[in-house]
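Undergrad: What follows is a structure written as structure tokens; I'll ask about it next.
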Amino acid sequence: MNAMPKYPVNCGGADCVAVAAFKIAAQWTDGTTRELKTYFLSCQECLKSLLERAGEKQRVCRLAPAEKLEPPGVYDLSRGAPDRQLVRRAELE
Ligand SMILES: [Zn+2]
């Protein structure tokens, strides 16, 4: 259910019509389940501003006591690949 669609996805930047190349997402867990919570899909250009916006959202996110949400990171957007196979691009964060 977290697999990326197999068609090109547009960047989530305001007024941006570029095709997204990255996924901005954070590891979330409730102690039992682990998943990647997606904030934005982004092109190279919008990466910095969208990562900032994702960070703001992450900080105000209300969590239950057992839940943990890590700061958002940048992942290579491989179309059709499941989230756990996405490659993290820490050098872009
Ligand atoms: Zn963009």
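Undergrad: Looking at Gln44 and the list (1) over 11 Å from the mean Cα position of the chain (by Cα); (2) in a helix (DSSP H, G or I), which single condition is not satisfied?
TA: Checking Gln44 against (1) over 11 Å from the mean Cα position of the chain (by Cα); (2) in a helix (DSSP H, G or I), the one that fails is (2).
Undergrad: Continuing with the same structure: Give region 12-52 a look and list any residue that's away from the ligand (no atom under 11 Å from the Cβ), of a type in the set (Lys, Arg) and over 14 Å from Leu86 (Cβ atoms), or say none.
TA: Residues satisfying the conditions do not exist here.
Undergrad: Here is a follow-up. Taking the criterion of being within 16 Å of the ligand (Cβ to nearest atom) and under 15 Å from the mean Cα position of the chain (by Cα), would at least one residue in region 77-90 satisfy it?
TA: Looking for residues that are within 16 Å of the ligand (Cβ to nearest atom) and under 15 Å from the mean Cα position of the chain (by Cα), one finds at least one in region 77-90, hence yes.
Undergrad: Now for a different question. Filter region 47-93 for residues that are modelled with pLDDT under 95, in a helix (DSSP H, G or I) and among the small types (Gly, Ala, Ser) and give the result.
TA: Ala90
Undergrad: Let me ask something additional. Taking region 10-25, which residues are in contact with a Cys (Cβ under 9 Å, 6 or more places away or on another chain) and hydrophobic (A, V, I, L, M, F, W, C)?
TA: Within region 10-25, Cys11, Ala14, Cys16, Val17, Ala18, Val19, Ala20, Ala21, Phe22 meet the criteria.
The values are calculated or read from the model by the stated rules, or taken from the named source; none is laboratory data. Since the model is a prediction, treat every value here as computed from it, not as a measurement. For neighbour counting, all protein chains shown are included, and Cβ atoms are generated from backbone atoms with ideal geometry for every residue, glycine included.
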